[in-house]
Each structure stands twice: as C-alpha cells, then as structure tokens.
Amino acid sequence: MAVAHILRQKGSDVITVSPSDSVQSIVDTLTRHRIGAVVVVDRAGAIAGIVSERDVVRAMAGNAAGVIAKTAHDIMTVEVMTCEPGDSEAELMQLMTENRIRHLPVLAAGRLAGMVSIGDVVKLRMESIEREAEEMKTYIASAG
C-alpha cells in the first residue's frame with residue numbers, strides 16, 4: 001500500500017500534456033511546476049506516453065536547436081510503466097530499478113490517479129527507517 005500512502009501525503013494531481021504540445025511548452029511546464037516528467041494523455045484521457053527531462057535531453061542529441069519545435073508525440077516514451085495504489089514500496093523500487101525510470105503514473109481502475117517519483121519512494125523509505133529506529137529505541141528502553 002506504499003503508493004496509496006504516498007498519494008495521501010502528496011496528493012493525486014498529475015501534470016499532463018497533449019501529444020501535440022511543443023517541447024518548448026513541455027520544458028516550460030516542467031520548470032514552472034518543478035517536476036521531472038509529464039504524462040501525455042490523448043483526447044479520451046488515456047495515457048499515450050510520458051515525457052521526462054531525460055527524453056528531452058536524448059532528443060537534443062545531435063540537433064538541440066531543432067528539438068524545441070518538436071511535439072510531445074515526437075519525443076515521448078510510448079511504453080509507459082505504471083503502478084497501482086496497492087503496490088508496495090518493494091514493488092516500486094524493483095520496477096524503477098529494473099526499468100531505469102524515475103516516474104510512475106498511478107492507475108486506479110484504469111484511470112490516471114497520481115504520479116509517484118523516485119524521490120517519493122526515497123522519502124517513504126526514510127520515514128520507515130526512522131520509524132523502525134524509534135521503535136527499537138522504545139523497545140530497548142522498556143526492556144532495560
């Protein structure tokens with residue numbers, strides 16, 4: 001239930017763009033919202049892809065000046081890995097590590113319900129470690 005916990009803390013807002021949005025517009029959106037990726041949705045609201053900072057940089061290789069006029073459709077990652085509210089911390093870490101990704105759209109009943117980043121997972125893990133340490137201190141204090 002790590003994903004549900006993360007979404008309760010950070011909210012379920014997801015910044016989306018359309019396939020026809022320009023890369024310039026996407027870069028502006030990433031900067032304005034201080035995020036690393038946007039979900040590309042089609043007219044029906046279904047996930048069509050994802051554009052991350054990494055996608056923008058890869059598209060710039062060899063033709064940086066020409067990339068700004070391209071669209072989300074031109075540079076997006078089409079095979080989007082997703083997670084669900086019931087997924088665990090271990091599942092998130094495995095999926096992100098194996099696929100070398102830092103952002104996972106959350107799907108609930110087939111609909112976009114949030115976004116989880118590697119930063120969210122690290123924060124959750126740190127909270128868990130701190131909670132375990134505090135529980136150990138309490139246990140040791142009460143046993144002695």
Inset, instruction - At 0.36 nm per residue, minus the direct Cα-Cα distance, what do ASP13 and ALA65 gain on full extension? Give it in nm, one decimal, please. - result: 15.5 nm
Inset, instruction - Calculate the spin-label point distance for ASP74 paired with GLU134, positioning each point 7 Å from the Cα along the beta-carbon direction, and give it in nanometres. - result: 5.1
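Provide the FRET efficiency to the nearest 0.05 for the ALA109-HIS33 pair, computing r from the beta carbons and using R0 = 25 Å.
Result of the calculation: an efficiency of 0.45.
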Legend entry - Directionally averaged projected area (convex hull, Cα atoms, region 48-95), nm²: 4.2
Inset, instruction - Quick one: among VAL78, VAL38, VAL51, which has the greatest mean-square fluctuation in a GNM of the chain with alpha-carbon springs under 10 angstrom? - result: VAL78
Inset, instruction - May I ask you to give the percent of accessible area on region 1-77 that is carbon plus sulfur, with a probe radius of 1.4 Å? - result: 52
Legend entry - Equivalent ellipsoid semi-axes - Cα gyration tensor, region 72-125, angstrom: 19, 14, 10
Inset, instruction - Starting from the Cα-Cα distance between HIS5 and ALA46, subtract it from 0.36 nm times their residue separation and give me the gain in nm to one decimal. - result: 12.4 nm
Legend entry - For region 99-144, alpha-carbon Rg over 2.2 N^0.38 Å: 1.79
Legend entry - Candidates per trypsin sites (Lys or Arg not before Pro) in region 57-116, loop by DSSP, up to 10 other Cβ within 10 Å: ARG100
Legend entry - Cα point-scatterer Debye curve for region 1-122, base-10 log of I(q)/I(0) at q = 0.09, 0.12, 0.16, 0.21 Å⁻¹: -0.24, -0.42, -0.74, -1.19
Legend entry - Most fluctuating residue given options THR31, THR16, THR82, as computed from a GNM of the chain linking Cα atoms under 10 Å: THR31
Inset, instruction - Can you work out the accessible area per residue across the chain, with the rest of the protein chains kept in place, probe 1.4 Å, in square angstrom? - result: 61
Legend entry - Rh by Kirkwood over Cα pairs, then Stokes-Einstein D for region 3-48 at 1.567 mPa s and 4 °C, µm²/s: 110
Inset, instruction - May I ask for the net charge around GLU84, where only other residues with Cβ less than 13 Å from the Cβ of GLU84 are counted and Lys, Arg are +1 while Asp, Glu are -1? - result: -1
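The values are calculated or read from the model by the stated rules, or taken from the named source; none is laboratory data. Everything numeric in this text was worked out from a predicted model, so none of it was measured. A quick note on method: Cβ atoms are made from the backbone with ideal geometry, for glycine too, and the neighbour counts reach across all protein chains shown. The area values use the complete protein model at the heavy-atom level, side chains included, leaving out ligands, DNA and RNA. Shrake-Rupley method; radii C 1.70, N 1.55, O 1.52, S 1.80 Å.
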